[in-house]
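The values are calculated or read from the model by the stated rules, or taken from the named source; none is laboratory data. In this text the structure is predicted, and so the values were computed from the model without any measurement. Neighbour counts run over all protein chains shown; Cβ positions are idealised from the backbone, glycine included.
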Amino acid sequence: MPHAVTLIPGDGTGPEITEATRRVLEATGVAFEWEVRQAGAEMLEKYGTILPDDVIDSIKRTRVGLKGPITTPAGKGLRSANVTLRKKLDLYANLRPAKTYPGLRSRYENIDLIIVRENTEDLYAGIEFQRGTAEYEDVLETIARTTGNRLDPNSALSIKFISVMATRRIVRFAFEYARINNRRKVTAVHKANIMRLSDGLFLATANEVAKEYPDIQYEDRIVDNMCMQLVQKPECYDILVLPNLYGDIISDLSAGLIGGLGVAPGANIGNDYAVFEPVHGSAPKYARQNKVNPMAMMFSGVMMLRHLREKDAALRLEKALMHIIAEGKYVTYDLKPRADDPTAVGTSQVADAVIERMRHV
Ligand code: NAD
């Protein structure tokens, strides 16, 4: 039986890397039945939304999605299609491994971190108030009455929202992942010394959940200190569990540790559905140039194959990618010593090389 998968090419460089990834996945020999669904800025004119309902309907049917990046036009008041997708499908865990492979140009060796980012709450919950609106005046009034702080009305407000339920399930996810994958330690990352209530709740809940897992080491770190420690001694860390915003920032930092966004994969996982996508965005300035690295999405494809229990295919694709990286020949500009290296190949040539390599592994 072929695996039904919703394929969302996205926009910007999304369609190019999605096509390259689809080709390598099919070359593993696993059969797929792709339901291609469009989302992104171009859908806005046609359907009045960047995330049409048929995308969600399709994933509800197939239960698995593979997604290219989608642009969120900044400052236009539009909600991100990515955030909306994660919320609508309750994909509460954003799993982002950061692993160095031989041949990657990084200042570090032997990085093997797992970032577990909460995906539904925090400043990403979408609870925001625009200055000048009646709702905003109401909120300012309530804040003045309850706290004595009269805020400048020429301002805007985004609410940081953290619940016990969402924290419990994301921390449990991190510990369960540790158990299943034989990992040694979970570190909860927060800023509870300053945001005593929201991050305080995150930390207190994480401490409580950790007691259920005495077989796994547990510790916590303040997020600013965590950034420095990751740069100075990343080898001391294993699985990091974080609220949404810190998780987003730390996963880009971790991508930097392993050689860049071009190789950093991700998965959005909930109880019922899973959507796999690279950490990076749509890199619109490179769109339609056959230039950017498709490997982050291909590694996301490896994660998807494992999720579909296609372990042999996952291993073969991962090995082929590792070989191409180590060889350093058929790689895009970002994996070359210099970005203007004339021997860099394009997106589709990486796919050709990976497919060719898979014939030998
Ligand atoms: P970006 O990740 O798209 O690109 C930043 C830079 O990283 C690029 O200019 C490029 O130099 C490099 N880069 C990214 N992907 C690469 C690849 N595959 N190969 C080689 N180099 C790569 O970040 P941005 O410019 O901040 O965001 C662009 C748009 O993407 C924004 O609208 C943002 O909201 C959106 N975005 C979407 C997602 C998603 O779909 N999940 C994630 C992040 C950002």
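Tabulated results
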item: Any chance residue 30 is touching a helix residue (DSSP H, G or I) at 6+ places or on another chain (Cβ under 7 Å), more than 14 Å from the ligand (Cβ to nearest atom) and closer than 21 Å to residue 264 by Cβ; result: no
item: Any hit, region 331-349, residues being in contact (Cβ under 8 Å) with a residue 24 or more places away in the chain, more than 14 Å from the ligand (Cβ to nearest atom) and part of a helix (DSSP H, G or I); result: no
item: Count of residues meeting criterion [more than 9 Å from the ligand (Cβ to nearest atom), of a type in the set (D, E, K, R) and on the phi < 0 side of the Ramachandran plot] in region 249-289; result: 1
item: Residue in region 123-143 that is buried (at least 19 other Cβ atoms within 10 Å of the Cβ), farther than 21 Å from residue 187 by Cα and at pLDDT below 95 present; result: yes
